[in-house]
Amino acid sequence: MRALDPRLMRRTRTARPLLAIDVALGALTAVTVVAQATLLAGVIARGFAGARLQHLELGLEALLAAFAARGVFTWGMEVAGRRAAWSILSELRLALVEKRLRAQPAALDGAEAAEVAAVAVQGVEALEGYFARYLPQAVLASVVPLLVIAWVAVVDLESALIMLLTLPLVPVFMWLIGRYTEHRTRERWDALRLLSTHFLDVVRGLPTLRAFGRAQAQAETVSTVSERYRRTTMETLRVSFLSGSVLELAATLGVALVAVTAGVRLVDGRLALQAGLTVLVLAPELYLPFRRLGAEFHASADGLAVAERMFALLDSPRAVEHARPRVAPSPARACIQLERVSFSYPSRAGLVLDGLDLELAPAETVALVGESGAGKSTVVALLLGLVRPDAGRIVVGGIDLAECQIDAWRRMIAWVPQQPTLFRGTVSENIRLGDADASAERVRHAAALAGADRLIATLPQDYATVVGDGGRPLSTGERRRIALARAFLRNAPLVILDEPTADLDPHSVGIVSRAVKRLASDRTMLLIAHRPEPVQHADRIVRLLDGVVVTESIRQAA
């Protein structure tokens, strides 16, 4: 990862006006640095020459104005840099979310949910230091030394040559330290990623861990992972402090060399007082931007390290291309066929589906059964367009689904997963995921069809009750009924249900089974199930084993 990565620069389009302001203010700051040193040297030299205070008023006023201007320009750079950083951080988070919505599932691209969250939150936040402080300081480090050396060359050429010879030492030290810092920062990010992933798994599995008496063992594991993160963080801080000392030493030696030579020539009378004072005042200003740049580099190193992983996520290939000319026919009048479909996961040996043939006729309910790992959920992912088959094709009304617009196809599907997600919001808002424009009356009717109306009536604020993260907790059966209400509200011609009665008590199984029967009316339905209650309403039962159909039976729906 380079300090000025072009990929980060390309993602600054919305903030480029602010960054341009940063550059302009940096140039103005450099001018005020030179003006401030020149005015200060002039006032002191005239004072030593015996000039009265009233004769120095104009110079003092100009000096105060230069001090004030430098402060204003520096403040403006910080404000513009932070505003640019906020804009860029929002843009990066939005790009990452949009990419993940269209990217391959986690099972295919290896991106853990905790890692994505760490990148989108703490990782992107770490880039604020890069854009808000490091880039403005890089502008100053590029402009101020050149202007200082150019002005010193006008005042005293010998001092300018010494500055020109000693100045490269600081960037060389910065480069060497930066290479080592990059390695340490990557280790720190890897430790943080491991900690985030493991901690999320532990939080998700707390009930299971307590039930099996493994909570203490996991606490020790979390402590071990946290200790690794602490050690890598301390190593990074140690490098930061040591590098700061090295840069300070190099800058101090450079300033001392310029000051000694200028002082000797000043004593010998080979250098005028005003010129000598100008050189002495500007010498520290020559190295100051580089010293601050080194400090800001360490402050932004976390963001630079995580940017590599962020770009890996952003640049990953999409699972399905969206720019396709054809629109798939509606499953209400077209047959869906999986023809010799094969599929495999990169992390799993062998084929999950091996030449699968499956047909869904319009208004038919097909129950797909089989042991865990037989390929049932993979069939669902293929029909949803989340993944593409390695071989074979999916045909709708004689048209290959790979040639059709995937968003238009998904709008004709209502999907109820085994573990439905309830987002933080009201019950009504969660049901409206099926149709954002639905009226309150339609929402209530969908809830009634799903058997969720009595449940919602028992909530503190019925449809206005907040559920999801931090809201009113709901059981698995209650979440399943909310998800079924979404499916009713969507009113799609193709319904896919993944284990709708799994892990439910007998009372909830009855409610959900009756809702499934109502939902299957006049719709094409693919039902994945183990329990007999929902299967008994299917028109056809297809059993999978190792990715192929082993039995298929036709029965009259009850």
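At a glance:
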| item | result |
| --- | --- |
| Among the residues listed as T197, T233, T224, the single one being of a type in the set (S, T, Y), free of Cβ contacts under 8 Å to residues at least 40 places away in the same chain and over 30 Å from P145 (Cα atoms) | T224 |
| Yes/no for R291 being over 23 Å from T32 (Cβ atoms) and not hydroxyl-bearing (S, T, Y) | no |
| All positions within segment 398-451 that are part of a helix (DSSP H, G or I), farther than 27 Å from A334 by Cα and of a type in the set (K, R) | R442, R444 |
| Only listed residue being within 24 Å of D357 (Cβ to Cβ) and either in contact with a strand residue (DSSP E or B) (Cβ under 8 Å, 6 or more places away or on another chain) or polar (S, T, N, Q) (or both), chosen from L526, L519, L474 | L526 |
| Single residue of G350, G355, G385 found to be assigned by TED's automatic domain parsing to the domain that holds Q419 and part of a strand (DSSP E or B) | G355 |
| Residue within segment 497-517 that is hydroxyl-bearing (S, T, Y), surrounded by fewer than 19 Cβ atoms within 10 Å (Cβ to Cβ) and assigned by TED's automatic domain parsing to the domain that holds M412 present | no |
| Segment 358-382 - residue that is part of a helix (DSSP H, G or I) and of a type in the set (V, I, T) and, of those, farthest from A538 (Cα to Cα) | T378 |
| Residues of segment 328-345 satisfying the condition of being within 18 Å of A414 (Cβ to Cβ) and either assigned to a loop (DSSP other than H, G, I, E, B) or free of Cβ contacts under 8 Å to residues at least 60 places away in the same chain (or both) | A328, P329, S330, P331, A332, R333, A334 |
| Segment 56-79 residues that are within 19 Å of L25 (Cα to Cα), paired with ones that are among the small types (G, A, S) (beta carbon under 7 Å, 6 or more apart) | A66/A35; M77/G26 |
| Count of segment 244-271 residues which are touching a residue at least 12 places away in the same chain (Cβ under 8 Å) and either among the hydrophobic types (A, V, I, L, M, F, W, C) or surrounded by fewer than 16 Cβ atoms within 10 Å (Cβ to Cβ) (or both) | 14 |
| Within segment 414-434, tally of residues that are more than 28 Å from the chain's Cα centre (by Cα) and surrounded by fewer than 21 Cβ atoms within 10 Å (Cβ to Cβ) | 1 |
| Hits in segment 452-508 - residues which are among the charged types (D, E, K, R), under 30 Å from V396 (Cα atoms) and not in a helix (DSSP H, G or I) | D498, E499 |
| Residues of segment 509-524 classified as at pLDDT below 85 and part of a strand (DSSP E or B), total | 0 |
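Yes or no, residue by residue, for (1) under 22 Å from Q418 (Cβ atoms); (2) of a type outside the set (A, V, I, L, M, F, W, C):
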site: R444; (1), (2): no, yes
site: T465; (1), (2): no, yes
site: G468; (1), (2): yes, yes
site: S475; (1), (2): yes, yes
site: R479; (1), (2): yes, yes
site: L489; (1), (2): yes, no
site: A492; (1), (2): yes, no
site: L497; (1), (2): yes, no
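Each row is one residue, and each column tells you yes or no for (1) closer than 30 Å to S342 by Cα; (2) not hydrophobic (A, V, I, L, M, F, W, C).
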residue: A447; (1), (2): no, no
residue: A450; (1), (2): no, no
residue: R479; (1), (2): no, yes
residue: V509; (1), (2): no, no
residue: S521; (1), (2): no, yes
residue: A529; (1), (2): yes, no
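The values are calculated or read from the model by the stated rules, or taken from the named source; none is laboratory data. Model, not experiment: these values are computed from the prediction. Glycine also receives a Cβ, built like all others from the backbone with ideal geometry; neighbour counts cover every protein chain displayed.
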